[in-house]
Amino acid sequence: MKAALGIAGLGGAALFGGFLAFVACVERDERPLDGRADGIVALTGGAQRIGDAIDLLANGYGRRLLITGVNERTSRDEIARLNPSQRHWITCCVDLDYRARNTIGNAIETRRWMRLHRFSTVAVVTSNYHMPRTLVELDHALPGIERVVPYPVVAEGFDAGRWWQHPAAARLLASEYLKFLVAWVRTRFEDDPERSRAAILMGRGKPTKVVVEPRLMQGRP
């Protein structure tokens with residue numbers, strides 16, 4: 001009994017230590033993008049992601065932008081209406097993916113899009129707390145890719161550095177940490193995300209995320 005309790009205690013300590021390490025790697029502040037890339041990919045689901053990604057495109061940080069995980073009711077015109085100053089870029093250089101329903105799907109659609117355009121480098125835009133899991137999925141889906149440049153978006157009012165003072169932030173980080181662990185373990189055993197049983201099970205009956213916020217956003221990935 002004591003041995004079992006000791007093992008459980010060690011496991012809990014290791015899990016909590018991993019959580020602290022995970023929180024430590026979550027970016028606290030937005031920074032300029034570290035270098036340019038062939039393409040830019042924005043994952044829907046969190047505030048500011050789409051606007052920031054279009055700004056990166058307009059400033060020459062990539063040649064095309066893929067917005068992945070778009071709700072089927074959200075059109076290019078709707079995105080342009082909400083970003084009127086960037087209408088030119090949305091018309092000429094933005095691709096919309098309506099198929100991805102989770103982060104695995106985002107990675108799969110990113111791979112297809114990059115192969116279509118023969119891109120070898122990509123900048124990825126998503127929320128800071130979601131970036132570690134996104135990079136795990138992209139590393140799995142894009143073996144041998146030349147470069148993935150992360151651009152973590154920090155939502156206003158979300159302070160990962162003081163998570164213990166904010167129950168909502170603590171719950172979000174804990175949930176994302178567990179999802180990160182599951183993704184890391186899963187990708188050690190799966191050869192190809194497109195044949196992932198986990199992706200199929202997770203996607204069943206799940207509505208596609210919406211690209212615009214806050215009025216139409218249904219939730220984060």
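Here are the numbers for the structure shown:
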{"read-out": "Which numbered condition Gly161 fails, given (1) in contact with a Lys or Arg (Cβ under 7 Å, 6 or more places away or on another chain); (2) closer than 28 Å to Tyr61 by Cα", "value": "(2)"}
{"read-out": "Pairs with Cβ under 7 Å, 6+ apart, first in region 108-125 and at pLDDT 95 or above, second basic (Lys, Arg) and part of a helix (DSSP H, G or I)", "value": "Val125/Arg49"}
{"read-out": "Top-ranked residue of region 174-197 - restricted to ones that are hydroxyl-bearing (Ser, Thr, Tyr) and in a helix (DSSP H, G or I), ranked as surrounded by the most Cβ atoms within 10 Å (Cβ to Cβ)", "value": "Tyr177"}
{"read-out": "Filtered residues of region 153-183 (kept if at pLDDT 90 or above and either farther than 14 Å from Val26 by Cα or polar (S, T, N, Q) (or both))", "value": "Arg171, Ser175, Leu178, Lys179, Leu181, Val182, Ala183"}
{"read-out": "Qualifying residue in region 81-89 (condition: of a type in the set (D, E, K, R), surrounded by fewer than 16 Cβ atoms within 10 Å (Cβ to Cβ) and in contact with a Lys or Arg (Cβ under 9 Å, 6 or more places away or on another chain))", "value": "yes"}
{"read-out": "Among (1) over 19 Å from Arg64 (Cα atoms); (2) surrounded by fewer than 21 Cβ atoms within 10 Å (Cβ to Cβ), the one test that Ile104 misses", "value": "(2)"}
{"read-out": "Inter-residue pairs, beta-carbon under 7 Å, first under 17 Å from His130 (Cβ atoms) and at pLDDT 95 or above and in region 38-65, second assigned to a helix (DSSP H, G or I) and hydroxyl-bearing (Ser, Thr, Tyr), 6+ apart", "value": "Val41/Thr110; Leu43/Thr134"}
{"read-out": "Contacts under 6 angstrom Cβ, first residue in region 80-107 being touching a residue at least 60 places away in the same chain (Cβ under 8 Å), partner surrounded by fewer than 17 Cβ atoms within 10 Å (Cβ to Cβ) and outside any helix (DSSP H, G or I), 6 or more apart", "value": "Tyr98/Glu72; Arg101/Lys206"}
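Matching residues to (1) surrounded by 19 or more Cβ atoms within 10 Å (Cβ to Cβ); (2) touching a residue at least 12 places away in the same chain (Cβ under 8 Å); (3) charged (D, E, K, R); (4) closer than 15 Å to Thr44 by Cα:
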| position | (1), (2), (3), (4) |
| --- | --- |
| Tyr129 | yes, yes, no, yes |
| His140 | yes, yes, no, no |
| Arg147 | no, yes, yes, no |
| Tyr151 | yes, yes, no, yes |
| Gly157 | no, no, no, no |
| Gly161 | no, yes, no, no |
| Trp164 | no, no, no, no |
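The values are calculated or read from the model by the stated rules, or taken from the named source; none is laboratory data. Just so it is clear, the structure is predicted and the values come from calculations on it, not from any experiment. So basically every Cβ, Gly included, is an ideal-geometry build from the backbone, and we count neighbours across all protein chains shown.
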